[in-house]
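Please read the structure below before turning to the comments.
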Amino acid sequence: MALIAKNPTETKAWAQLQAHFEKIETAEMLTWFKKDAKRVEQLSLEWEDFYVDFSKNRVDEKTVELLLDLAHEMQLEQAIQAQFNGVKINQTENRAVWHTALRAAEKPKEVQQNLEQIKIFSEKLITGEKKGYSGKAFTDIVNIGIGGSDLGPKMVVEALQYYKNHLQTHFISNIDSDHTAELFKKINPETTLFIVVSKSFGTQETLVNASTIRSWFVEQASQEAVEHHFVAVSSNLKAVQDFGILPENTFPMWDWVGGRFSLWSSVGLSIACALGYKNFTDLLAGAQKMDSHFSQAPFRQNIPVLMGLISVWYNNFFKTETEAVVPYSTYLEKLIPYLQQAVMESNGKQTDRSGEPVNYQTGTIVWGAVGSNAQHAFFQLLHQGTKLIPLDLIGFKKPLHPNKEHHGILMANFFAQSQALLTGKSAEEVEKEIAGFTPDLKKRQAAYKLFKGNKPSTSILINKLTPSSMGKLLAMYEHKIFVQGVIWNIFSYDQWGVELGKQLAKKIIPQLKEKEINQQLDASTQKLLKEFLS
């Protein structure tokens, strides 16, 4: 079955949630904690090596009950099964949304064959059996892609760099020539492998960058050497061969894998090469465990379901619009831009599944930074600003490196920030703090030291950052996105909003080359082009 087309605001549960919201909008979470000794137990989940604490959110048991009713009315159970069964739920493009098949316990035959191809290639590259045109082993890998063909593998390689082998990895995405110019300073053509990642092999930014890099390479080596140093991840075999890449060096992509969810596929070739095939399959296995949890666990004990529903609660009832993600690990710095694409490209939609304009907010704005850096940047706004911003805090029990003192201080901040957001600082506490101040200083500082508290956060505490736990974490956020999209009655897996700017850019390029501006353009764009050409 396809996904139902139903306006969520017209459901019984939505009306009940609105009435409930009006009752508890200003309720204090600390009051709920005092009244309910089991609040933490009821609003936290332990699963595998994850502990997720939802208790510091502005929800009570009634809220959760009504959100679950909304999920049932929007047929979330059926939607999950449709996705996992490969039904073409991406109806605007007539495609399945089946990235879960890439990491399933029982994978389709073509996926098994693809993994074997990745295994053989990556192991030959790592061991040095595969060599460049001059007979030297490879030392560097350059991944050439953009969007999901760049953000996913780049994020995972950086997140799991603790597990990296000797191969140096570079990622080229921006069409800005400064990007490639800086790359050429760092690599040796004799020992560098280039992976061109483009499903259609027609993405402008990727093809321009790949052509520039190939021209540079040919100047340093030869045209004949291209086949030894360039591989492709694509479904367009003819275009790949025309580029000079051998069929045996081409890794497939399938139309049922969306770009921003493709790191689990051949797009993850750079991951397998940089981390080793075993770590790549551990990443897949971790994601598969979260897939099983999401598709089988009752909704009340289901981590992604609760995350998605609580996000809807804030976005559509509290009107928060944004949510922050703060991982307490420097390794996870690239997780934020990865989630920005995954979330905002998926759920930034204005049309519902009936083809009608939505009359409610969709698509949360995701932002953040790693802790504790973030504490010295935007946490001021979180604590004392006028906006309500739900926050995910991600931390790890065990450090990867032996300096436990550093990790203890880091995690003390993790715990302290969630506590501070909840409890704030009362006038009585401020009064004690400034007891020894002069009357003038007290007057000047008292009001500014107040923290209202009652700010929501979800704490995600994971045992250790490993390929497996990373797979679970990423799959958790993927499924959260799915839940939101089902509730909002939108198609999460197309991205028509990406197209318009690209289409117009193609029309502007000839105008820049010929220095002839189309007079049909709007006055502002005409003036900008004139300034650029002057």
- Message: Whether any residue in the range 242-258 is more than 27 Å from GLY128 (Cβ to Cβ), among the charged types (D, E, K, R) and surrounded by fewer than 23 Cβ atoms within 10 Å (Cβ to Cβ) is what I want to check.
- Response: yes
- Message: Take ASN188 and tell me if it is in contact (Cβ under 8 Å) with a residue 60 or more places away in the chain and under 21 Å from LEU125 (Cβ atoms).
- Response: no
- Task: Can you tell me which residue among GLY348, GLY308, GLY363, GLY371 is surrounded by fewer than 17 Cβ atoms within 10 Å (Cβ to Cβ) and not hydrophobic (A, V, I, L, M, F, W, C)?
- Result: GLY348
- Message: Cβ contacts < 8 Å: first residue closer than 15 Å to LEU263 by Cβ and not assigned by TED's automatic domain parsing to the domain that holds GLU478, restricted to the range 283-299; second residue among the small types (Gly, Ala, Ser) and in a loop (DSSP other than H, G, I, E, B), any location; separation 6+ or different chain. Result?
- Response: GLN288/ALA104; GLN288/ALA105; ASP291/ALA104
- Note on the structure: Scanning the range 411-459 for residues that are in a helix (DSSP H, G or I) and of a type in the set (Phe, Trp, Tyr), the one farthest from VAL370 (Cα to Cα) turns out to be TYR448
- Applying the selection to the range 426-451, what residues are loosely packed, with under 13 Cβ neighbours inside 10 Å and within 40 Å of the chain's Cα centre (by Cα)? ALA427, ALA447, TYR448
- Item | Residue selected from the range 373-425 under the condition under 25 Å from the mean Cα position of the chain (by Cα) and charged (D, E, K, R), by the criterion nearest to TYR51 (Cα to Cα) | LYS397
- Message: If ASN174 satisfies all but one of (1) out of contact with any Lys or Arg (no Cβ under 6 Å at 6 or more places or on another chain); (2) outside any helix (DSSP H, G or I); (3) modelled with pLDDT of 95 or more, what's the number of the condition it fails?
- Response: (3)
- Search result, residues across the range 58-75 that are among the basic types (Lys, Arg) and surrounded by fewer than 20 Cβ atoms within 10 Å (Cβ to Cβ): LYS62
- Message: Going residue by residue through the range 103-117, is there one that turns out to be crowded, with 17+ Cβ neighbours inside 10 Å, of a type in the set (Lys, Arg), part of a loop (DSSP other than H, G, I, E, B) and in contact (Cβ under 8 Å) with a residue 24 or more places away in the chain?
- Response: no
- For the range 392-419, the count of residues that are crowded, with 16+ Cβ neighbours inside 10 Å and of a type in the set (D, E, K, R) equals 1
- Restricting the range 199-209 to residues that are buried (at least 24 other Cβ atoms within 10 Å of the Cβ) and either outside the structural domain of GLU227 (by TED's automatic domain parsing) or of a type in the set (S, T, N, Q) (or both), the one nearest to the chain's Cα centre (by Cα) turns out to be THR206
- Task: Run down LYS278, LYS349, LYS334 and say which single residue is without any contact (Cβ under 8 Å) to a residue 60 or more places away in the chain and basic (Lys, Arg).
- Result: LYS278
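Could you tell me whether LYS238 is among the basic types (Lys, Arg), under 29 Å from the mean Cα position of the chain (by Cα) and surrounded by fewer than 17 Cβ atoms within 10 Å (Cβ to Cβ)?
The answer is no for LYS238.
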- Query: Does VAL312 count as assigned to a helix (DSSP H, G or I) and in the same structural domain as LEU43 (by TED's automatic domain parsing)?
  - Reply: yes
- Message: Among the residues that make up the range 271-281, is at least one of them part of a helix (DSSP H, G or I), in the same structural domain as SER173 (by TED's automatic domain parsing) and farther than 17 Å from LEU160 by Cα?
- Response: no
- Which number in (1) under 23 Å from LEU381 (Cα atoms); (2) free of Cβ contacts under 8 Å to residues at least 60 places away in the same chain marks the one condition that GLY436 misses? (1)
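Taking the range 177-198 as the search range and keeping residues that are part of a loop (DSSP other than H, G, I, E, B) and of a type outside the set (A, V, I, L, M, F, W, C), which one is nearest to the chain's Cα centre (by Cα)?
So, considering only residues that are part of a loop (DSSP other than H, G, I, E, B) and of a type outside the set (A, V, I, L, M, F, W, C), the one nearest to the chain's Cα centre (by Cα) is SER198.
The values are calculated or read from the model by the stated rules, or taken from the named source; none is laboratory data. This structure is a prediction, so every number in the text was calculated from the model and none was measured. Using ideal geometry, Cβ is built from the backbone for each residue, glycine included, and neighbour counts are taken over all protein chains shown.
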